[in-house]
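A short worksheet on the structure shown next.
The values are calculated or read from the model by the stated rules, or taken from the named source; none is laboratory data. Just so it is clear, the structure is predicted and the values come from calculations on it, not from any experiment. As a convention, Cβ positions derive from the backbone with ideal geometry for all residues, glycine included, and neighbour counts pool all protein chains shown. Heads up: the accessible areas ignore ligands, DNA and RNA and are worked out on the full protein's heavy atoms, side chains in. Shrake-Rupley method; radii C 1.70, N 1.55, O 1.52, S 1.80 Å.
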Amino acid sequence: MDLGLSGKTVVVSGASRGIGRAIAESFAKEGARVALVARGEQELATLCASLREQGADAHAVVADVQTEAGAAAAIEKATALLGPIEILVNNVGGSLGSGKFADVSLADFRRVVDLNMWSAVYMSHAALGGMKQRAAGVILHVSSISAREYCSSAPYAAAKAALSGLTKEMAVDLAALNIRVNAIAPGSILFEGGSWDRRSKSDPARIEKMKREELPFGRFGTPQEVAEVAVFLCSARASWVSGSTVVVDGAQGRAL
Ligand SMILES: NC(=O)c1ccc[n+]([C@@H]2O[C@H](COP(=O)([O-])OP(=O)(O)OC[C@H]3O[C@@H](n4cnc5c(N)ncnc54)[C@H](OP(=O)(O)O)[C@@H]3O)[C@@H](O)[C@H]2O)c1
């Protein structure tokens with residue numbers, strides 16, 4: 001299937017590791033021109049150099065997208081490198097280890113919402129100008145199954161649920177501008193250095209129990225399995241998909 005992504009201008013936030021990295025690499029393999037955004041300069045530079053060695057048109061954009069100014073700077077720099085942005089993937093997020101409602105401070109609550117929800121709002125807002133200019137655009141938010149299921153982090157669950165509402169509203173409001181908006185909701189995804197890798201090492205017995213009881217396939221998902229769906233949703237092959245939150249979780253938690 002030709003995804004029609006060759007030459008498309010793409011920004012992926014949180015692209016130096018894990019799910020964001022797999023999404024950026026998958027776009028690059030499809031011939032898209034990609035700006036990879038993260039705060040850590042070295043990790044980004046190494047990844048972009050390796051992608052370019054493989055023939056990809058990949059660029060590093062160092063920015064903190066959790067702030068309005070940082071997100072605006074990221075889109076400005078990406079636009080200077082690639083031209084108007086056609087596809088935006090808002091992948092930055094995480095729970096920051098903050099947790100249960102009774103324990104989490106309001107400052108930490110706000111930080112998690114800033115990271116997961118406001119980063120997506122800031123980036124989308126900043127990218128709209130270029131999308132209007134081309135009268136075409138696709139925005140994909142990376143949510144989580146934590147938007148619908150208990151995950152022992154109130155701010156993370158609230159912020160991810162907010163992304164689902166945002167997706168629906170943006171999809172309707174931006175349809176007249178020929179901009180599609182979707183979200184993807186991964187289940188637990190394992191990769192080296194990621195949060196589930198850390199938990200597997202610190203509490204292997206708990207993780208084995210989780211695999212038996214909550215993961216019907218007996219394993220975690222991989223970043224590539226999320227990336228394949230993300231890239232498809234952003235492609236012309238998904239031209240009639242807008243306003244959806246697509247779950248990619250191997251039926252996680254359904255047996256409970
Ligand atoms: N892993 C899972 O099991 C899972 C499951 C469901 C949903 N998700 C969602 O999937 C997304 C990616 O998760 P992941 O586990 O792959 O993440 P991760 O390993 O924590 O990587 C996060 C990426 O975002 C960058 N980043 C973090 N804060 C940033 C900021 N303020 N500005 C710019 N870049 C920033 C990081 O690089 P720097 O630190 O260098 O900035 C890194 O590239 C998140 O939205 C997460 O909530 C993950």
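List of remarks:
- Extension gain, A45 to D203: 0.36 nm times the residue separation minus the Cα-Cα distance gives 53.6 nm.
- Most fluctuating residue given options I207, I85, I75, as computed from a GNM of the chain linking Cα atoms under 10 Å: I207
- Between helix 223-234 and the chain there is an angle of about 40 degrees, using the helix long axis and the longest principal axis of the Cα atoms.
- Positive-end residue, segment 117-190 charge dipole about Cα centroid, Cβ charges, pick of A157, N182, A136: A136
- Multiplying each eigenvalue of the alpha-carbon gyration tensor of segment 116-256 by 5 and taking the square root yields semi-axes of 31, 15, 13 Å, largest first, rounded to whole angstroms.
- Rounded to whole Hz, the Karplus (6.51, -1.76, 1.60) HN-Hα couplings of segment 180-186, x for glycine and proline: 9, 9, 9, 9, 10, 10, x
- Mean residue ellipticity (222 nm) of the chain, computed from DSSP H runs ≥ 4 via -39,500 (n - 2.57), nearest 500: -14500 deg cm²/dmol
- J(HN,Hα) series, segment 213-221, from Karplus relation 6.51 cos²θ - 1.76 cosθ + 1.60, nearest Hz, glycine and proline x: 9, 10, 10, x, 7, x, 8, 7, x
- Acute angle (nearest 10 degrees) that the helix 154-174 long axis makes with the longest principal axis of the chain, alpha-carbon atoms: 30 degrees
- Computed from the alpha carbon positions, the gyration tensor of segment 49-169 leads to an equivalent ellipsoid with semi-axes of 29, 16, 13 Å, biggest first.
- Extent along principal axes [Cα atoms of segment 1-95; Å; largest to smallest]: 37, 25, 24
- Computed accessible area, E169, all protein chains, 1.4 angstrom probe, square angstrom: 100 Å²
- Taking the centroid of alpha carbons for each part, segment 180-248 and segment 137-170 are 14 Å apart.
- Alpha carbon convex hull of segment 101-163, volume per residue in cubic angstrom: 68 Å³
- Selected from D103, D64, D173 as most flexible by GNM, with the chain as the system and alpha-carbon contacts under 10 Å: D103
- Beta bridges per DSSP, both residues in segment 29-181: antiparallel share near 0 percent.
- The fraction of all Cα pairs in the chain landing in successive 5 Å bins from 0 to the largest distance is 1, 7, 13, 18, 21, 17, 12, 7, 3, 1, 0, given as whole percents.
- Average accessible surface for segment 83-241: 48 Å² per residue, computed with a 1.4 Å probe over protein heavy atoms with every protein chain in place.
- Unit charges on C-beta of K, R, D, E only; dipole of segment 166-256, Debye: 200 debye
- Carbon-plus-sulfur accessible fraction, the chain (probe radius 1.4 Å, protein heavy atoms only): 54%.
- Net dipole in debye of the chain [+1 Lys, Arg Cβ; -1 Asp, Glu Cβ; about Cα centre; nearest 20]: 300 debye
- Structure remark: mean-square fluctuation, Gaussian network model of the chain, C-alpha springs under 10 Å; the largest value among L163, L96, L47 belongs to L96.
- Cross-link partners of K100 among lysines, defined as those whose alpha carbon lies under 17 angstrom from its own and excluding same-chain residues fewer than eight positions apart: K160.
- For R33, the solvent-accessible surface computed with a 1.4 Å probe is close to 70 Å², ligands and nucleic acids excluded.
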